[in-house]
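The values are calculated or read from the model by the stated rules, or taken from the named source; none is laboratory data. All of these numbers come straight from a predicted model, not from anything done at the bench. Cβ placement follows ideal geometry from the backbone for every residue including glycine, while neighbour counts extend to all protein chains displayed. Quick note on the areas: whole protein, heavy atoms, side chains included, nothing else; ligands and nucleic acids left out. Shrake-Rupley method; radii C 1.70, N 1.55, O 1.52, S 1.80 Å.
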Amino acid sequence: MPLRFFRLTPKLTSRRPNTTTMTSTSPSDVPIPNHFRCPISLDLMKDPVTLPTGITYDRRSIETWLEAGNLTCPLTNQLLPLPLVADGGGLIPNHTIRRMIQEWCVAHRSHGIERIPTPKTPITSAQVAETLSQISAALQRGDGPRCSDLVAKLKTWSNESERNRRCISSNGAAARVVSEVFKEFPSEQGLSVLAGMLPLSDEARKLLSSTESLNSIVSVMRNGNLSGRLHAVLMVKEIAAADTEQAAQIAATDGLIESIVRLVKEPFSPQATKASLIAAYYLVASDEKVASRFAEIGFVTVLLDMLVDAEKNLCEKGLVVIDGVLNSEIGREKASSHALTVPLLVKKMFRVSDITTEFAVSAIWKLCKNQKNNVGREKCLKEAIQVGAFQKLLLLLQVGCSDNTKEKASELLRMLNGLKGTEECIETSDFKQLKRPF
């Protein structure tokens with residue numbers, strides 16, 4: 001039987017890569033060439049600049065070195081020229097190295113390395129002085145549009161880098177000139193520039209305290225965009241914190257107190273809320289009538305609602321303001337009539353920080369001691385006992401506190417001792433008798 005040969009055709013199959021054995025390279029795994037690293041930070045340079053010694057550094061690192069008071073080149077230890085140390089204007093951008101770094105970034109893009117942007121050259125003190133001179137000249141001519149354009153130029157510079165902001169602020173006339181422009185031609189960009197110069201000079205604060213400027217600030221707080229409202233309340237805080245008498249005067253500005261309360265009631269950023277609380281504190285502390293005005297428009301309720309779940313920093317500031325509002329009779333009346341006041345103050349003791357504990361004790365002391373009649377005083381004392389104030393005050397005296405707080409805690413304990421045993425102590429987390437949940 002003849003042999004038959006069969007041709008075997010191999011079966012074609014698609015070959016898939018074994019994804020389990022493939023590994024990806026992260027940016028941190030890619031070695032950075034040594035000449036691309038800053039000799040100070042050892043990181044990839046983003047804005048390489050060269051000193052007169054011929055050594056190239058990343059701008060941020062060498063500026064930090066110079067601002068710390070160092071007078072020499074970090075690598076060579078050679079003494080640097082004083083103008084360079086004072087202004088930093090002698091730092092020469094190294095465009096060759098920067099372009100090489102950018103090309104290297106592009107070549108390694110597949111490894112997740114992003115191309116560094118081309119940095120803008122920082123401004124110099126001479127540029128700032130020239131711009132301020134131009135603003136002053138335009139202001140004398142009453143040229144509002146020109147003033148607006150030049151202030152916008154300052155704002156653009158300020159937004160480009162922290163170094164630019166410092167350069168503008170270091171000019172002693174900058175805050176005064178921009179404040180003059182804001183008084184005559186108010187704008188949100190003017191407030192933005194001023195916010196980058198804090199703390200302001202006395203001249204600038206005086207200009208912003210004028211009736212015209214304050215009315216413009218309140219208008220921005222009411223109707224401005226989010227950043228404008230933030231910068232406006234920062235100006236109020238800056239003015240109020242500088243002088244108690246001035247704080248009492250600016251509190252009389254129509255709509256100012258209402259605008260601050262609104263910023264706390266309708267928060268849009270933690271920074272704005274904190275600035276509003278600080279401004280409110282200085283205004284409240286300036287005069288009892290101001291504290292009464294805050295209480296009349298419902299600030300006590302706004303603060304209590306905020307304190308229920310506020311983080312540490314806001315909680316501290318909120319309690320400081322409540323303690324200030326309670327210096328007024330109307331403030332105490334509003335707080336006594338609110339179901340959350342005493343339970344919330346007692347709960348905050350030992351829960352947040354020593355500061356909150358001391359101001360919570362102070363607030364409870366004011367509520368219980370300074371009531372107009374015995375009925376109101378007894379009501380506050382009973383509420384305090386029910387939510388565990390007696391035990392917490394005893395503990396406070398044992399662990400220690402300031403002399404002022406110790407005196408108030410001791411007096412509270414004497415007042416509470418007369419009612420101890422007549423009221424049942426409940427857990428601070430269970431307020432079934434309250435009209436609203438806690």
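Have a look at R141, R146, R115, R166 and point out the one that is closer than 30 Å to F36 by Cα, open to solvent by 50 Å² or more (accessible area, probe 1.4 Å) and over 26 Å from the mean Cα position of the chain (by Cα). Even if it seems obvious, please write down each step before you answer.
Details: R141 fails: closer than 30 Å to F36 by Cα; R146 fails: closer than 30 Å to F36 by Cα; R166 fails: over 26 Å from the mean Cα position of the chain (by Cα).
Checking each option against the conditions leaves just R115.
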Looking at A295 and the list (1) open to solvent by 10 Å² or more (accessible area, probe 1.4 Å); (2) outside any loop (DSSP other than H, G, I, E, B); (3) of a type outside the set (D, E, K, R); (4) within 20 Å of A240 (Cβ to Cβ), which single condition is not satisfied?
(1)
Could you list, in sequence order, all residues of segment 28-54 that are aliphatic (A, V, I, L, M), open to solvent by 40 Å² or more (accessible area, probe 1.4 Å) and farther than 21 Å from G112 by Cβ?
I40
Within segment 393-410, can you find the residues that are part of a helix (DSSP H, G or I), of a type outside the set (S, T, N, Q) and open to solvent by less than 40 Å² (accessible area, probe 1.4 Å)?
L393, L396, K408, A409
Is it the case, given these coordinates, that V106 is crowded, with 17+ Cβ neighbours inside 10 Å and without any contact (Cβ under 8 Å) to a residue 60 or more places away in the chain?
no
Quick one: how many residues across segment 220-252 are among the hydroxyl-bearing types (S, T, Y) and either within 17 Å of the chain's Cα centre (by Cα) or at pLDDT 95 or above (or both)?
1
For segment 321-333, give me each residue that is in a helix (DSSP H, G or I) and buried (at least 23 other Cβ atoms within 10 Å of the Cβ).
V321, I322, D323, G324, V325, G331, R332
Out of (1) out of contact with any helix residue (DSSP H, G or I) (no Cβ under 6 Å at 6 or more places or on another chain); (2) open to solvent by 40 Å² or more (accessible area, probe 1.4 Å); (3) within 30 Å of L150 (Cα to Cα); (4) not acidic (D, E), what's the single condition that is false for M100?
(3)
